[in-house]
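Okay, structure first, notes after.
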Amino acid sequence: MKTTDAADRRFSSLVTLTSDRLYRKTPCMEWLGKPTGGGGYGQFQRVPAHRWAYERWVGPIPAGLQLDHLCRNRLCVNPEHLEPVTCQENVLRGNGTAARLARVTHCPKGHEYTDENTYLYQRGRLGQYHRACRTCRLAQSRAAKQRIQAARPPKPPITHCPHGHEYTPENSRFNKHGHRLCRACLQVKAKRERARTKAQRQPSDDCLGSSQ
């Protein structure tokens, strides 16, 4: 970056020291010019004023990095209050929504946001990702199922088997799984099995005729 004494004098005329804003016991050098753009930063020679000051008195900013205001004062151009960091680190250090949410370690119910207890979902027109608590989500699902079940009318008790036999104490039997069975149906099924087995054991007329 090319600089001249005239540029240094003009830059100095647009900066003032503020004793009420300090960082590590050094005052901020606030930009007196009108901030430009939506970021609230000063502008000098078509570049942000704080970037111009850093490159003028410290050196080039490494590629892919941006300057973070350690004093949290966007109008400050003091090179001692600036640090080159990545875009992600700069965002997380700030006070924006993403930074505030990243500093939250527990959900509103007190559950910790661990890798196992956290899932991401998309919401909004931009499809932004949001963090949610798995424990709370599971509790909400269980509560919803209980409300649905409570709203349903109770099922009438089953008093007869599918074939119409009444489930009396004498006509009821329970298997090892606790399921109720009809003794009358079991007896009918047993008779059919015995008749089928007996028919298979008796030789047919064709077999008797061929053996004579």
message: Could you check the spin-label model distance between Arg192 and Ala139? Points 7 Å from the Cα along Cα→Cβ, value in nm.
response: 5.3 nm
query: Given a Förster radius of 35 Å and the C-beta distance between Val47 and Ala99 as r, what FRET efficiency does 1/(1 + (r/R0)^6) yield to the nearest 0.05?
result: 0.90
field: Spin-label model distance (nm) - Arg74 vs His160, 7 Å beyond Cα toward Cβ
entry: 7.9 nm
message: How big is the dipole moment of region 90-212 about its Cα centre under a simple scheme where the beta carbon of each Lys and Arg is +1, that of each Asp and Glu is -1, and everything else is neutral? Debye, nearest 20, please.
response: 520 debye
- prompt: If we count trypsin sites (Lys or Arg not before Pro) as exposed when they sit in a DSSP loop and have at most 10 other beta carbons within 10 Å, what is the longest stretch of the chain that avoids them all?
  reply: 47-102
task: Enter the accessible area of Leu101 (Å², nearest 10), with the probe set to 1.4 Å and all protein chains included.
output: 100 Å²
- line: Nearest 10, in degrees from 0 to 90: the angle of helix 183-201 to the longest Cα principal axis of the chain is 60 degrees
task: Could you work out how far helix 134-151 tilts from the main Cα principal axis of the chain, as a 0 to 90 degree angle to the nearest 10?
output: 40 degrees
- prompt: How much accessible surface does Thr86 have with a 1.4 Å probe, in Å² rounded to 10?
  reply: 70 Å²
message: Solvent-accessible area of His160, probe 1.4 Å, all protein chains present, reported in Å² to the nearest ten, please.
response: 90 Å²
- prompt: For the chain, which span is the longest to avoid every loop-located (per DSSP) member of GluC sites (Glu not before Pro) having at most 16 other Cβ atoms inside 10 Å?
  reply: 1-115
task: Please list the non-local residues whose amide H lies under 5 Å from the amide H of Met29, H modeled 1.01 Å from N, same-chain partners needing a gap of 5 or more.
output: Val77, Asn78
query: So for Ile158, Ile61, Ile148, what's the accessible-area order with a 1.4 Å probe, most first?
result: Ile158, Ile148, Ile61
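The values are calculated or read from the model by the stated rules, or taken from the named source; none is laboratory data. Keep in mind that what you see is a predicted model, and the values were worked out from it rather than measured. Positions of Cβ are generated from backbone atoms using ideal geometry, with glycine treated the same way; all protein chains shown enter the neighbour counts. Side chains included, ligands, DNA and RNA excluded: accessible areas come from the protein's heavy atoms. Shrake-Rupley method; radii C 1.70, N 1.55, O 1.52, S 1.80 Å.
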